[in-house]
Amino acid sequence: MLPQVGDEVVVSCEPACAEVVRVDARYITVKWPWGVIDDSSSFRWDGTNALPYGDAHPEWVPYRIEPAASELRVGDMCTVSIPPTRLHVGHYEEYNPPRNLGWSPAPTAGIHVLPPEKADDEEAGCMLYLGGAEPVRLEPVED
C-alpha cells in the first residue's frame, strides 16, 4: 500500500518494553526498544526517544506509554506501542537508499500522520519511519 496525501490509514505498532531514562514536566525519555545505534553513521543518535506527554503539551505523537508517563520514574520499565489508530496522511516519502538517521536498520519510507481532527494543521502530527527498526503497520481504512 502506497499511502497518498489525504488518505486515512490505521496505524499500529506492537508493544515493546523500554527503560525510562529521563522524566521532566513535558517529556518522558526512554531507551528506544527498536533498532540499534549505527556507529558508522554521521548522525549521533543516542538510542533514546523523548515522547511528549500531558494534556497541555502542544506536540502530538501516536505512541502510548503504559503505565502512564506521570507514574514513571527513571529506571522504571514501561511499554511503548501504537494502539490501532485511525490517522490522516499529511505526507509520504520513500528512501532509496534507506535514510541514514543514526540507527540500524535504516528506514525505507516515512509517513507524516495527524489525527483526523487536525488534518488541516500542517504543524501538527508526527513523522513515522517505515521499513526499518520500528514495526509500524499501516492498513487502509475500509469504510
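Length gained on full extension, residue 46 to residue 99: 17.4 nm, using 0.36 nm per residue less the C-alpha separation. The loop-placed chymotrypsin sites (Phe, Trp or Tyr not before Pro) in the stretch 42-100, going by DSSP, that have at most 13 neighbouring Cβ atoms within 10 Å of their Cβ come out as 43. On full extension, the segment bounded by residue 60 and residue 39 gains 4.6 nm, given 0.36 nm per residue less the C-alpha separation. Using a cutoff of 8 angstrom between alpha carbon atoms and counting only pairs six or more residues apart, the relative contact order for the chain works out to 32 percent. Between 74, 89, 30, where does the largest GNM mean-square fluctuation fall for the chain, given springs only between Cα atoms within less than 10 Å? For the chain, modelled as a Gaussian network with Cα springs under 10 Å, the answer is 74. Between 70, 41, 81, the residue with the greatest mean-square fluctuation in the GNM of the chain (Cα pairs under 10 Å linked by springs) is 41.
Ignoring solvent entirely, what values of log10 I(q)/I(0) come out of the Debye formula for the chain at 0.10 Å⁻¹ when each Cα is a single scatterer? Log-scaled intensity ratios, in q order: -0.35. Counting neighbouring Cβ atoms within 10 Å and putting the fewest first, the residues 37, 28, 65, 111 line up as 37, 65, 111, 28. Residue-wise HN-Hα couplings along the stretch 34-47, as the Karplus relation 6.51 cos²θ - 1.76 cosθ + 1.60 with θ = phi - 60° gives them from phi, are 10, x, 10, 5, 9, 5, 7, 7, 7, 8, 9, 6, 9, x Hz; Gly and Pro carry x. The value obtained for the stretch 7-80, namely the Cα convex hull volume divided by the number of residues, is 136 Å³ per residue.
Taken together, the values in this text are just the output of simple stated rules run on the coordinates, not laboratory data. These numbers come from a predicted model, not from an experiment. For neighbour counting, all protein chains shown are included, and Cβ atoms are generated from backbone atoms with ideal geometry for every residue, glycine included.
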